[in-house]
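Enquirer: Got a structure for you, written out below as structure tokens; questions coming shortly.
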Amino acid sequence: TSYNFTVGVVSASVPRITTSGTISTFAACSGLPSPAQTINVSGANLTADIAITAPTGYEVSLSSTSGYASSVTVSKDANGTAASTPIFLRLKAGVAEGTSGNYTFISSGAVTKTLATGNSGLNPLPSISILGGTSAATCVNAGLSLQATNTPATNNPWISSNTQIATLSTIPQNQSMISVNGLSAGTTNITYTDNKGCIATQAVRINALPTI
């Protein structure tokens, strides 16, 4: 059997960009940016910095927590080398489902690299309701029950922001329901996380007992 193929030979002195890592389809909770995904980019024999541009509906940053914009630059040193640098990619907030495009990595004289995003997905936010009432308030030594929409996260779907004010008791047969147990007067935020990582929050007020 005969196989035909092409070998490309590139001079060691030619400017080049290298990317490493893979990404999966971006999915965001409705109205929020998606979790960031990371790849690494480096360069050799560069005559210019590497410009990284996001497609419409996406963002890029050199930090996982801030600085997201439509483009960023990875600088080269005096020898034309850009050290391996983590690049953070994400879907913007409020973008329509199915948005797609290519991230581009450009430096003068180097072959342009592209990275396809795939078609974006959107996950609906969960919501929290109060069982048997409309007021998210109870008293010390009393409680109330909450129920959330969407499938709960596997681990710790419910969290109380202040366990000195109220603790939580799960219902083993139905993790989308929770009992809030009042311990002391004050307000605590009850958060619920679904299996897509989307979050809903409900403030619960614990009132002090009256005195006679």
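Enquirer: Does the range 167-175 contain at least one residue that is surrounded by fewer than 17 Cβ atoms within 10 Å (Cβ to Cβ) and either modelled with pLDDT of 95 or more or touching a Phe, Trp or Tyr at 6+ places or on another chain (Cβ under 6 Å) (or both)?
Expert: yes
Enquirer: Would you please name the residue that is least open to solvent (accessible area, probe 1.4 Å), looking only at residues in the range 107-145 that are β-branched (Val, Ile, Thr) and within 24 Å of PHE26 (Cβ to Cβ)?
Expert: By that ranking, first place goes to THR117.
Enquirer: Right, here's the next one. Of the conditions (1) at pLDDT 95 or above; (2) open to solvent by 60 Å² or more (accessible area, probe 1.4 Å); (3) among the small types (Gly, Ala, Ser), SER184 fails just one. Which one is it?
Expert: Every condition holds for SER184 apart from (2).
Enquirer: Same structure, new question: Residue by residue through the range 94-106, note down the ones that are more than 30 Å from THR201 (Cβ to Cβ) and buried (at least 19 other Cβ atoms within 10 Å of the Cβ).
Expert: TYR103, PHE105 - these are the residues of the range 94-106 that are more than 30 Å from THR201 (Cβ to Cβ) and buried (at least 19 other Cβ atoms within 10 Å of the Cβ).
Enquirer: Ok, one more. Pick out the one residue from THR138, THR104, THR114 that is part of a strand (DSSP E or B), under 30 Å from SER61 (Cα atoms) and touching a residue at least 24 places away in the same chain (Cβ under 8 Å).
Expert: One residue alone meets the criteria, THR104.
Enquirer: Would you check if THR134 is farther than 30 Å from GLY121 by Cα and in contact with a Lys or Arg (Cβ under 8 Å, 6 or more places away or on another chain)?
Expert: Criteria not met by THR134.
Enquirer: Residue by residue through the range 64-88, note down the ones that are within 15 Å of the chain's Cα centre (by Cα) and farther than 16 Å from SER42 by Cα.
Expert: Correct list: SER64, THR65, SER66, GLY67, TYR68.
Enquirer: Among the residues of the range 59-89, count how many are over 14 Å from TYR103 (Cβ atoms), of a type in the set (Gly, Ala, Ser) and in a loop (DSSP other than H, G, I, E, B).
Expert: 7
Enquirer: Separate question: If the requirement is being among the β-branched types (Val, Ile, Thr), surrounded by fewer than 19 Cβ atoms within 10 Å (Cβ to Cβ) and at pLDDT 95 or above, which of these qualifies: THR22, THR38?
Expert: Selected residue: THR38, the only one of THR22, THR38 that is among the β-branched types (Val, Ile, Thr), surrounded by fewer than 19 Cβ atoms within 10 Å (Cβ to Cβ) and at pLDDT 95 or above.
Enquirer: Just to be sure I understand, how many residues within the range 189-212 are under 25 Å from the mean Cα position of the chain (by Cα) and either polar (S, T, N, Q) or surrounded by 13 or more Cβ atoms within 10 Å (Cβ to Cβ) (or both)?
Expert: Number of matching residues: 14.
Enquirer: Of everything in the range 1-19, what is surrounded by 18 or more Cβ atoms within 10 Å (Cβ to Cβ) and part of a loop (DSSP other than H, G, I, E, B)? Give them in sequence order.
Expert: Residue satisfying the conditions is PRO15 alone.
The values are calculated or read from the model by the stated rules, or taken from the named source; none is laboratory data. The structure displayed is predicted, hence computed values, not measured ones. Counting neighbours? That spans all protein chains shown, and the Cβs are built from the backbone with ideal geometry, glycine included. The area values use the complete protein model at the heavy-atom level, side chains included, leaving out ligands, DNA and RNA. Shrake-Rupley method; radii C 1.70, N 1.55, O 1.52, S 1.80 Å.
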